[in-house]
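One structure below.
The values are calculated or read from the model by the stated rules, or taken from the named source; none is laboratory data. These figures come from a predicted structure and were not determined experimentally. A quick note on method: Cβ atoms are made from the backbone with ideal geometry, for glycine too, and the neighbour counts reach across all protein chains shown. Just the protein is used for accessible areas: all its heavy atoms, side chains included, with ligands, DNA and RNA removed. Shrake-Rupley method; radii C 1.70, N 1.55, O 1.52, S 1.80 Å.
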Amino acid sequence: MIRLDGVGQVFEGRGGRVQALDGIDLHVRQNEFVTLIGRSGCGKSTLLRLIAGLLPPTYGGVEVAGEPVTGPRRDVSFMFQRPALLPWRSVISNVMLPVEISGGDSERSKSQYRDRAHELLDLVGLKGFERRLPHELSGGMQQRVSLCRSLIRSPKVMLMDEPFSALDALTRTELSAELQRIQMELATTIVFVTHSIEEAVVLADRVAVLTPRPGRLREIVEIDIPRPRSLGQNAHLADVAQISGHLHGLLAERPHDQVDVPEARR
Ligand SMILES: Nc1ncnc2c1ncn2[C@@H]1O[C@H](COP(=O)(O)OP(=O)(O)OP(=O)(O)O)[C@@H](O)[C@H]1O
Ligand SMILES: [Mg+2]
């Protein structure tokens, strides 16, 4: 579903040149859940933006569903760390926004999308809040609205950039369970960035570990734990802990060949 071949990203700015990513080869199968971890600034968000078509790669190839990515696609959704809801629109019309902006697919009418929006809000525990405005909701509730919005067009691919990091532990546990359920139901392909190693292990079919800048793939770890899995009570706690320990070790590696020096000082 997603192919990155020899992808690299270099940013040229006033402060110098930043090599954010280099030599990324990553193939994600349909219905696969890949989580992406790495130190702050290693290029995780950049990688998602490349897949989303929000940024062209400096070099290398990016494909989604067998086609080169040339810009945003309607079957790919992006969910950010912050909900980014439109403050003047009600909950339901925020969820409907993607359908209104660029349309849905021809098989579904607007009223079917509206029904689906109600269904999704119900699913994430927001029944009864459809007419509220975003400022009347808590941060966690707003993030659930954002999740519904990214699901409204049943995307083939969901790109999620630390979507649950601002949530309390319980809401995070509930939403990650919900996300796994939705993914199984819709056969969605998900690339999910997180700073929580445990979350990365619990959610993923594979965890991709990036090195510090420039981000290169350090290792891809298969997670062979039966689903559904829970962040909270975990029947497989020992397995999660063991894999987490390994991932922690990879993240803790210090790069000795990579020192960031602004261009002007080189
Ligand atoms: N538009 C841009 N222009 C210049 N440099 C950028 C731009 N976007 C990202 N960078 C640089 O690229 C590197 C990777 O950034 P990115 O946001 O992808 O990191 P990240 O892994 O998502 O970090 P975090 O975990 O903190 O979110 C950083 O050094 C950042 O400064
Ligand atoms: Mg980021």
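Ignoring ligands, DNA and RNA, what accessible area per residue does the range 9-127 give at 1.4 Å, in Å²?
Working: 5940 Å² over 119 residues.
With all protein chains present, the range 9-127 gives 50 Å² per residue.
Can you sort HIS246, HIS236, HIS135 by solvent-accessible area, 1.4 Å probe, largest first?
Sorted descending by solvent-accessible area, the residues read HIS135, HIS246, HIS236.
Please list, in order, the residues from the range 66-96 whose amide nitrogen is less than 20 Å from a point placed 7 Å along the Cα→Cβ vector of GLU107.
Only 66-67, 73-77 fall inside the zone, counting backbone N under 20 Å.
Would any residue of the range 54-97 have its amide N under 13 Å from a label point 7 Å out along Cα→Cβ of PHE11? List them or say none.
Label zone hits: 55.
What is the magnitude of the charge dipole of the range 204-256 about its Cα centre, with +1 placed on the Cβ of each Lys and Arg, -1 on the Cβ of each Asp and Glu, and no other charges, expressed in debye to the nearest 20?
The calculation lands at about 260 debye.
Order GLU12, GLU119, GLU63 by their accessible area, 1.4 angstrom probe, all chains in place, largest first.
Numbers: GLU12 140, GLU119 105, GLU63 65 Å².
Per-residue accessible area, sorted high to low, gives GLU12, GLU119, GLU63.
Once phi is turned into θ = phi - 60°, what whole-Hz ³J(HN,Hα) does the Karplus curve with 6.51, -1.76 and 1.60 give for every residue of the range 21-30, x standing for Gly and Pro?
So the Karplus estimates, Gly and Pro as x, are 9, 8, x, 7, 10, 9, 10, 10, 6, 4 Hz.
Can you tell me the convex hull volume per residue for the chain, based on C-alpha atoms, in Å³ to the nearest whole number?
With only Cα atoms used, the chain gives 137 Å³ per residue.
Once Lys and Arg get +1 and Asp and Glu get -1 on their Cβ, which of LEU203, PRO163, TRP88 lies farthest toward the positive end of the dipole of the chain?
TRP88
What Kirkwood hydrodynamic radius do you get for the range 22-105 when you take the inverse of the mean 1/r over all pairs of distinct Cα atoms, in Å?
15.1 Å
Taking amide H positions as placed in the peptide plane 1.01 Å from N, state which residues far from MET79 in sequence (5 or more) or on other chains have amide H under 5 Å from it.
LEU159, MET160, ASP161
How large are Rg and Dmax for the range 85-154 when calculated on the C-alpha trace, in angstrom?
11.2, 35
Give me Rg/Rg_expected for the range 95-198, where Rg uses Cα atoms only and Rg_expected = 2.2 N^0.38 Å with N residues.
Rounded to two decimals, the normalised Rg is 1.07.
So what's the angle, to the nearest 10 degrees on a 0 to 90 scale, between helix 237-252 and the longest Cα principal axis of the chain?
Between helix and principal axis, roughly 50 degrees.
Could you tell me the relative contact order of the chain? Use alpha-carbon pairs under 8 Å, at least six residues apart, and round to a whole percent.
Normalised by residue count, the contact order of the chain is 26 percent.
Taking the Cα centre of the range 85-154 as the origin, how large is its charge dipole in debye, to the nearest 20, when only Lys and Arg (+1) and Asp and Glu (-1) carry charge on their Cβ atoms? Mind dumping the intermediate values first?
Values: 11 positive and 8 negative charges, 22 e Å.
Roughly 100 debye, rounded to the nearest 20.
Excluding residues on the same chain fewer than 8 positions from LYS156, give the lysines whose Cα lies under 22 Å from its Cα.
Within the straight-line limit of under 22 Å, LYS156 reaches these lysines: LYS44, LYS110.
State to the nearest 20 debye the size of the charge dipole of the chain about its Cα centre, where the only charges are +1 on K and R beta carbons and -1 on D and E beta carbons.
Result for the chain is approximately 740 debye, rounded to the nearest 20.
Tell me which residues come under 5 Å, amide H to amide H, from LEU21 once H is placed; ignore anything under 5 positions away on its chain.
Sorted by chain and number, the residues that satisfy this are GLN9, GLY215.
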